[in-house]
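Everything below concerns the one structure shown next.
The values are calculated or read from the model by the stated rules, or taken from the named source; none is laboratory data. The shown structure was predicted, so the numbers you read here are calculated from the model rather than taken from an experiment. Every residue, glycine among them, receives a Cβ derived from its backbone with ideal geometry; neighbour counts consider all protein chains shown. These area figures cover heavy atoms from the full protein model, side chains too; ligands, DNA and RNA do not enter into them. Shrake-Rupley method; radii C 1.70, N 1.55, O 1.52, S 1.80 Å.
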Amino acid sequence: MTAPSSAPKQTISLEEWEGKMAEVPIAKSDLNQLIMNYLVIEGYKDAAEKFSEESGLHTQMDLGSMDERMQIRFAIQNGDIQGAIERINDLNPDLLDIDPHLYFHLQQQQLIELIRSGRAAEALEFAQEELAPHGEEHPELLRELEKTMALLAFDVGAVGQEGARELLDFRQRVRTANELNRALLAASSLPREPKLPKLLMLLEWSQAQLDEKARYPRIGNLLDARLEIEAGGAWAWARRKAARRRRRRRRFRRCHRR
């Protein structure tokens, strides 16, 4: 018995798609809130201040306080963990006391930096005095501590050491900095993460679901957000049509100027 053939995909034209999009009410103020949310959470202070002036939109957060949060993030990304901890204690003295997992990860990053710089004896002493007590109080952290301590047994520059590459990679600093940034935001009663990246992920997921059922103008490149539609295995049809429309608009503007 042969399997039933799949139903043909529905084709939605660019005009029909744009017409449906035009029916969806989207307030400019909502888009402005989305942009401001991203700028504030990610710490783009200058851009947030400029956008606030241009849009007339105000945020609940004191933009001046973003400086300290970003300086802490940059300190971690530069490997200055002790400096970051001192800044944290000045900004929010209770944060590391109420979040032992965060404090452990900062101390873990400090241990990684000691190993990275070749200070093995100092790293071992630091692990015994600072990190081992965390493992005793929170057994779930022991695995991470053991993984970090294993770096002392290998040449950190060895290509074959997967664990070394992972923990000594710059992305490990970024992960630690992002975890701290989320904690500082939560302590200020702000969202831990911006909404925009999640919406983009939702867009990609939705398009993947719709790809199975229809040919339609989709966003192929999130950087320019142009609508494209598949035609003969390529995304050419809508591109050509959009190019023709742009040429017509340019000709109209030139004629109007004359």
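Of note:
- Amide hydrogen neighbours beyond the local backbone of ILE219, cut-off 5 Å, H modeled: GLU228
- Where Rh is the Kirkwood radius over Cα pairs, Rg/Rh for the stretch 75-158: 0.97
- Residues of type lysines that LYS50 reaches as a straight line, Cα spacing below 21 Å, ignoring anything fewer than 8 places off in the same chain: LYS28, LYS195
- Solvent exposure, largest accessible area first (probe 1.4 Å, DNA, RNA and ligands not counted), of ILE229, ILE35: ILE35, ILE229
- Under a 5 Å amide H cut-off, with hydrogens placed 1.01 Å from N, ILE12 pairs with ARG215, TYR216 among residues at least 5 apart or on other chains.
- Part-to-part distance (alpha-carbon centres) for the stretch 165-192 and the stretch 5-44, which is given in Å: 29
- Per-residue HN-Hα couplings for the stretch 174-179 [Karplus 6.51, -1.76, 1.60; θ = phi - 60°; Hz; x = Gly/Pro]: 4, 4, 5, 5, 5, 4
- Working note: Karplus 6.51/-1.76/1.60 with θ = phi - 60° gives the stretch 104-117 the couplings 4, 5, 5, 5, 4, 5, 4, 4, 4, 5, 5, 5, 4, 7 Hz, where Gly and Pro are set to x.
- Put simply, the C-alpha atoms of the stretch 48-111 give a gyration tensor, and the ellipsoid matching it has half-axes of 29, 13, 9 Å, longest first.
- Against the rule of thumb 2.2 N^0.38 Å, how large the Cα Rg of the stretch 19-149 comes out: 1.48
- In Hz, Karplus ³J(HN,Hα) per residue of the stretch 203-210 (6.51, -1.76, 1.60; θ = phi - 60°; x = Gly, Pro): 4, 5, 5, 5, 5, 4, 5, 6
- Neighbour net charge for GLU122 - beta-carbon separation under 13 angstrom, K R +1, D E -1: -2
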